[in-house]
Structures are given as structure tokens and as C-alpha cells.
Amino acid sequence: VNALLHHCKGSLSGIGGVARPGIVHRIDKDTSGLLVVAKSDVAHHGLSEQFAAHGSDGRLTRRYVALVWGAPDRPRGVIDASIARSRHNRTRMAISQGPTSRRAVTHYALMEVFRDETGVPIASLIELELETGRTHQIRVHLAHIGHPVLGDPVYGSGFKSSARRLNEKAQAALAALDRQALHA
């Protein structure tokens, strides 16, 4: 916010107030990428409408790329699984069919598979497109299908030992990244 205020010198939308001036949407902490910011209240309203429609009107597409553990069985797919706050850990989200769950849909396309010397998939680069926008949606969905995002300490912690299967250079790169390998 401070960087935005300095760069735009007071020309941001006031809709978010002092805490979120011009900020139209959010991305997860430790996810890199594009963040849309509105410079006027009119733009803020229009952009907020587009994000609220989740792309159903064709005006907005939200795409991500991620490095995930393993490789999905199919080169393309749709993960349609409702999400709610975890009953066991309030800081996490979880797949749920309960009364508080909300529909969540993620489309994915396999871009590249990285294999070990025996040909077994270690990791994959995938492109994702959100049909809905729920908290931690991509990370929860990918963990649900058994391919959590590399470096995700919340939903991919069970895959820490998989990092030993990476070559030395890849292990160093993952350690240096120090966050989940997810980019908006």
C-alpha cells in the first residue's frame, strides 16, 4: 500500500479507505503476480463488478502458473470441489460438502513435466484458470488431487521429503524461493 501511495501520489480510488486504497482484489500471501489497482472510484466499481462475476461475463480471466509435485493423470482437467474453512484449523481451508461450503472450480492445463533419471514425474508446470475465487482455492484444489504447489507450507507440507528427489540445482532454487511456487 505504501508503495502504491508513493507511486500514484494520491490518485488512487478511495473505496478501500486508508488500509486498501485502490486495491480491487487479493492474492494469497507469498503468491507472486499481477494485482489490479484502481486509480478512480468509477474504475474501482467497474473492476470490482468484473471480479465479482468471476469471469462469467467474459470480461475478466484470472490465470496462474504453478509448479506442483508430481504430474496430473490428464493433460487438462477441471477440479470442481466446494471449499469451506477447516473445522480443525481455522487458518486453513478444506474441501467440504458442509452447509458453509462454497462452490469452487479450477481449470488446469499441464504445460511441462519434470522427471527424475528413471522417468518418474517429480514436478510439473501447470496453468490454472479460476472460474470462482475462493480463499486458497488453487492451493486447496491442487492438494486435493494429490499435486500440491511446491514450497506451500500449509497444503503441501507432506511433500517436504519429495524435495530430496530434485537435483541439487532444483533443491537450491526451491530453498531460495522460500514461498509457494504460484504466480498470478
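The values are calculated or read from the model by the stated rules, or taken from the named source; none is laboratory data. From a predicted model like this one, the values you see are computed outputs, not experimental measurements. Every residue, glycine among them, receives a Cβ derived from its backbone with ideal geometry; neighbour counts consider all protein chains shown. These accessible areas exclude ligands, DNA and RNA; they are computed on the full protein's heavy atoms, side chains included. Shrake-Rupley method; radii C 1.70, N 1.55, O 1.52, S 1.80 Å.
Relative to the longest principal axis of the Cα atoms of the chain, the long axis of helix 41-52 makes an angle of roughly 30 degrees. Note the angle between two axes, namely the Cα long axis of helix 168-177 and the longest principal axis of the Cα atoms of the chain, as a number of degrees from 0 to 90, rounded to the nearest 10. Computed tilt is about 20 degrees.
With just the Cα atoms defining each centre, how far is region 15-68 from region 108-176? Give it in Å. After rounding, the separation between the Cα centres reads 25 Å. Sorting the segments 119-127, 144-152, 92-100 by their mean number of nearby beta carbons within 10 angstrom, highest to lowest, gives 144-152, 119-127, 92-100.
For the chain, build the charge dipole from Cβ charges (+1 Lys, Arg; -1 Asp, Glu) around the Cα centre, then report which of LEU47, THR31, SER101 sits farthest towards its positive end. Towards the positive end, the residue furthest out is SER101. Entry for the chain at q = 0.10, 0.13, 0.17 Å⁻¹: log10 I(q)/I(0) = -0.47, -0.76, -1.14, Debye formula applied to identical alpha-carbon scatterers, no solvent contribution. For region 28-75, trypsin sites (Lys or Arg not before Pro) meeting the loop criterion (DSSP other than H, G, I, E, B) and having at most 15 other Cβ atoms within 10 Å: LYS29, LYS39, ARG59. Solvent exposure of the chain amounts to 59 Å² per residue of accessible area, where only protein heavy atoms count and the probe is 1.4 Å. Kirkwood hydrodynamic radius computed over region 1-43 comes to 10.7 Å, based on all pairs of distinct alpha carbons. Dividing the summed helix terms, -39500 (n - 2.57) for each DSSP H run of n ≥ 4, by the number of residues in the chain produces a 222 nm estimate of -5500 deg cm²/dmol to the nearest 500.
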